[in-house]
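Scroll down for the structure; my scribbles are underneath it.
The values are calculated or read from the model by the stated rules, or taken from the named source; none is laboratory data. Every value quoted in this text rests on a predicted model; they were computed, and no experiment measured them. Using ideal geometry, Cβ is built from the backbone for each residue, glycine included, and neighbour counts are taken over all protein chains shown.
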C-alpha cells in the first residue's frame, strides 16, 4: 500500500490518505466522552455533537476496509458519511429553524416505514412516538427539509466557500472542498456501486491475454482510493464547520491535518 500513486487521477498516494483520515478521527475521539446539555432529538446541543461523532465513526469504519482495498463497501459508507455531514452542516446554518424542518422530514419517513410494518401486523413506532410524528407532520408552520442537492448549495452559499479557519476556496479545489463539489463525486461517481449498476462489477472479473475470464474477489483499479479520499474531504469540511457552530475541534487543527496531507487549498 506504500507505492507511489502518481498514476491515480487523484495524484495522491495511499499512505497520505490513510494518515489524513486517521488524524481526523483522532481530533474527535480524543475529546470523548463529551458532556452534552440536551436530552432529546430537539436539542441541538445534543444532536449536533452526536452527528459529528457519528460521522467520525463512519470514517473510522471505512479505514478498517482500507488495507484490504474493499473499495465497493467503503463507497457505500462514503455516501452515509457525506449525508451525515451534510445534514449536520445544513442544520448548523440556523438550528432554531432547520432542526424542526429536519425532524419533520424524519417523521415523514418514520410514519411511512411504520405504515408498511403495520401491513403485516407489526409496528416500528409505539403509540407515543407515532403520535409525536403525526403531530409534527400536521404543523403547517414548519416546512420539510430540502433535498440533498439543495442542502449542499445552501451550505456553500451560507459560508460563501469560506469555511472556518481558511480563506475562500477557489480554483480546482472548489470541486473538492465545497459541499456541491462533494455531492457530484459522492452521488455521480459513486452511484454505480450503490445502485448495483453492472458496470461496477469490473473489479470482480478479469480476462487475461489468452481470453480466459475469471471471477474473483475485488481487485483494484485507478479509482480505488476514491471513497477514502472523499471521506477525508467530507469530514474535513464537517469538522471545520463544527469548530464554528459547536466550538470544537479547533479549526486550526482541522486544516493543519488537511494541509499536511494535501498542501494549501489555494490553487
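Some notes on this structure:
- A single entry from 110, 68, 89 fulfils the requirement of being in a loop (DSSP other than H, G, I, E, B) and either over 21 Å from residue 184 (Cα atoms) or touching a residue at least 12 places away in the same chain (Cβ under 8 Å) (or both): 68.
- As for region 82-96, it holds no residue that is at pLDDT below 95, out of contact with any helix residue (DSSP H, G or I) (no Cβ under 7 Å at 6 or more places or on another chain) and more than 18 Å from residue 194 (Cβ to Cβ).
- Restricting attention to region 10-48, the residues that are out of contact with any helix residue (DSSP H, G or I) (no Cβ under 8 Å at 6 or more places or on another chain) and touching a residue at least 12 places away in the same chain (Cβ under 8 Å) add up to 3.
- Candidates 225, 237, 201 - the one that is out of contact with any strand residue (DSSP E or B) (no Cβ under 7 Å at 6 or more places or on another chain), at pLDDT below 90, closer than 22 Å to residue 80 by Cα and crowded, with 22+ Cβ neighbours inside 10 Å: 225
- Residue check, residue 186 more than 23 Å from the chain's Cα centre (by Cα) and surrounded by 15 or more Cβ atoms within 10 Å (Cβ to Cβ): no
- Residue check: residue 160 meets all listed conditions (1) under 25 Å from residue 183 (Cβ atoms); (2) exposed (fewer than 15 other Cβ atoms within 10 Å of the Cβ); (3) modelled with pLDDT of 95 or more; (4) out of contact with any helix residue (DSSP H, G or I) (no Cβ under 7 Å at 6 or more places or on another chain) but one, namely (3).
- Of the set (1) without any contact (Cβ under 8 Å) to a residue 12 or more places away in the chain; (2) in contact with a helix residue (DSSP H, G or I) (Cβ under 6 Å, 6 or more places away or on another chain), all apply to residue 77 but (1).
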